[in-house]
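Working notes for the structure below.
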Amino acid sequence: QIRGSALSIMEFDEKTYQLIEKYLSGELKGQERIDFENRIESIPQLKEEIGLHKELFDHFDEGYEVIENDPEIATFLKGKEAQNFKGKLEVALSGSKPKESVQKTTTPAKVRQLGWKPLAAAACLLLMVGVFFFMNPGSSDSPEKLYAYYNQHDNMNMVQKGVDTESLSEIQEAFNGKDYPSVQKLLQPVLTSINENDPFYFDLKLAEGISLLEQGKNKEAENIFKNLKEGDFLDAPKASWYHVLSLIKQGQKEIAFQAIEKYLQTGNKYKAKEMQSILKKL
């Protein structure tokens, strides 16, 4: 929440607002900065206005990451409909200025990059995002869409000089080629001949879980990921990520929500941004 009320703060001309933006972004230098700081000290309302802008900037810098990380919202904001809507809002919210005088942007810019009052920018951005959700009801809540967007699997790279085997090569080739039934078939004899101490055990079990997940055997996959994430493996965070995906694919949003919160509390960085993005959607 932002402190104070914009209605209680006096209006300033456009040049002053530009100076505020430059001052807060660190672009104001030398004597110009000194003169502006002297002006701030002599005008309490200006000091209060700067404080309000700083809070808005801080909140939008923090919150904008969510928008930037949401592919559906980002695509919508770059579209023609959103840009037309944005132009009309800029005119309305900036005091009915002529359309020619409003600074144009072709991409969704942060508040600092807009050449008009931050409160108007805030209203514009929030309304545009609101229109997105009005036009796309439930789009972010669909388990199928969530899983489809995030199921981008890294290629396997187990085969190395000195430890190459025909079995590993075949498994790796099948997995990277997305031939998941073959992966599962090829894995069975290999997994029965090794244990958890084998250097390839984690990668092979993870590949098995992913293959099961892609074939719709979601519960079996979930159990594999759960065992791997609870094991003493260096790459356990990868299993935590796939455990969440398996829960999402099954529509278990509440359990996935709790699993993500628990994961983020550990401080692990692997897929942390993606986890936060999913958390917002859930």
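Rule-based calculations on the coordinates, nothing more; no lab input. Note that the coordinates shown come from a computational prediction; the quantities given were computed from them, not determined experimentally. Because the Cβ atoms are built from the backbone with ideal geometry, glycine has one as well, and the counts that use them run over all protein chains shown.
Net charge in the neighbourhood of Pro181 (other residues with Cβ under 15 Å of its Cβ; Lys, Arg +1, Asp, Glu -1) is -3. Evaluating 6.51 cos²θ - 1.76 cosθ + 1.60 at θ = phi - 60° for every residue in the stretch 203-217, the Karplus couplings come out as 4, 5, 5, 5, 4, 5, x, 5, 4, 5, 4, 6, 9, x, 8 Hz, glycine and proline recorded as x. Model label sites at Gln188 and Gln258, defined 7 Å from Cα along the beta-carbon direction, differ in position by 3.5 nm. Couplings 3J(HN,Hα) of the stretch 262-275, computed from phi: 5, 5, 5, 5, 6, x, 5, 8, 4, 6, 5, 5, 5, 4 Hz, in residue order, whole Hz [Karplus 6.51 cos²θ - 1.76 cosθ + 1.60, θ = phi - 60°; x for Gly and Pro].
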